[in-house]
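To start, the structure itself, in structure tokens.
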Amino acid sequence: MTVLVVYYSRTGRTKRIAEEIAKKLQADIEEIIDLQQRSGPLGFIHGGRQAKKKELTQIKACSKEPSQYHIVIIGTPIWYLTMATAIRTYLHQNKDHLLQVAFFCTYGGIGVEHTFTDLEDLCGKKPVSKLGVATMDIIRGTYSGSMDRFINELTKKE
């Protein structure tokens, strides 16, 4: 089974989880690069407004072709109860090339199930597995149980 982990990370938390998933699954990995400035408080506020409005952004061209993978795992931070605009843009461009999907998100508050629903609706596919990891769990390193369940569900698809 070939697996691709695609993610966007503004603070590095989503990147940390993406890299761990890719390592555990021996998967390829692709970081989505938003061409808009997202750093600092103003970047956070502007990104949240765009996410709320379900707007698209400009992203750097990707090097991996999602249609070449059995499963594409999509990772996003939660912005205003939904996916980051860079992930929305990636899915808008690639949804027709995804064979199977799995989702993971990182979050500081609420919106996990709403985000998963938005991801599923945009992809038009039911995910093989889903993982939500709270910021405090990332900081404390207390998410291994949920990570193991996520990985186990994915490896059952082999």
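Here, each number is a calculation from the coordinates, and none is a lab measurement. Since the model is a prediction, treat every value here as computed from it, not as a measurement. Neighbour counts run over all protein chains shown; Cβ positions are idealised from the backbone, glycine included.
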- List the residues whose amide H sits under 5 Å from the amide H of A102, counting only those 5 or more places along or on another chain, with H placed 1.01 Å from N in the peptide plane. V72, I73, I74, V128
- Message: Give me, ordered by chain and number, the residues 5 or more places off A27 or on other chains with an amide H under 5 Å from its own placed amide H.
- Response: none
- Message: For a bin width of 5 Å, list the pair-distance distribution of the chain built from all Cα-Cα distances, rounded to whole %.
- Response: 2, 10, 20, 25, 23, 13, 6, 1, 0
- HN-Hα J in Hz across the stretch 43-55 - Karplus 6.51, -1.76, 1.60, θ = phi - 60°, x for Gly and Pro: x, 5, 5, 4, x, x, 4, 5, 4, 4, 7, 6, 7
- Message: Could you work out the relative contact order of the stretch 36-93? I mean the mean sequence separation of Cα pairs under 8 Å and 6+ apart, divided by the number of residues, in percent.
- Response: 42
- Projecting the Cα atoms of T155, L91, I78 onto the charge dipole of the stretch 3-155, where Lys and Arg contribute +1 and Asp and Glu -1 at Cβ, the residue farthest towards the positive end is I78
- Normalised contact order of the stretch 12-158, rounded percent, pairs of Cα under 8 Å and 6 or more residues apart: 21
- Return the long-range amide H neighbours of V133 (sequence gap of 5 or more, or a different chain), with a cut-off of under 5 Å between placed amide H atoms. C105, T106, Y107
